[in-house]
Amino acid sequence: MIQSDVTKTKSLGADLRALRKSRGLTLSDLADALDRSVGWISQVERDLSEPSVLDLKQIAKILDVPVSILFGQAQTPAQEAGVIVRAHARRPIGSKEQGLVEELLSPDLTDEFEMVHSTFDPGALMEDAVTRPTQEVGYLVSGTLDLVIDGQAFTVKAGDSFRIKGVSYQWSNPYEKPAVAIWVIAPPVY
């Protein structure tokens, strides 16, 4: 393959812009929080400037996302960039602290939604309920997962789907096999 046929996806800037906007922040808000100029933020969002690792960590903290979402954009054939995400090229998101492994299925975060592949390890659980300003629909591909949505307990199995719409939720996998789910989340939160 000729080098010009492969490109590194230029989605960092677009992802940052989408995340900033989804949080209701202006360029000035983010610049002030980072103690940077509006021009620098604008250049980063247009992929004209490359932020340092320290900058990315600060940006991730301000946007309340795992820093991992800002790394790991894979080498992609030019004709697939922004369109196709190969299984080996998924970007890891979230953390494995709770026995949850998440990967971004969407090419980037510039759409009105994101698709996420989640694997819940046996015995894993989300200890504290969270509430996000999102609409989320999940489909359980395999395994069994216990959910508490808005205070109501459910057990979902492979083939079942569920919706979480701006209410508190928790999950646990007290079962012997991993549970795998596909989520559609709007607006993007990672």
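Summary of values
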item: Per-bin percent of Cα-Cα distances, the stretch 127-186 [10 Å]; result: 24, 58, 18, 0
item: Net dipole in debye of the chain [+1 Lys, Arg Cβ; -1 Asp, Glu Cβ; about Cα centre; nearest 20]; result: 220 debye
item: Stokes-Einstein translational diffusion, the chain - Kirkwood Rh over all Cα pairs, 0.692 mPa s, 37 °C, in µm²/s; result: 185 µm²/s
item: Separation of alpha-carbon centers, the stretch 146-184 and the stretch 113-145, rounded to whole Å; result: 6 Å
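Each value in this text was obtained by applying a stated rule to the coordinates, not by laboratory testing. Note that the structure is a prediction, hence the values are computed from the model and not measured. Neighbour counts are summed over all protein chains in view; Cβ atoms, including those assigned to glycine, are modelled from backbone coordinates with ideal geometry.
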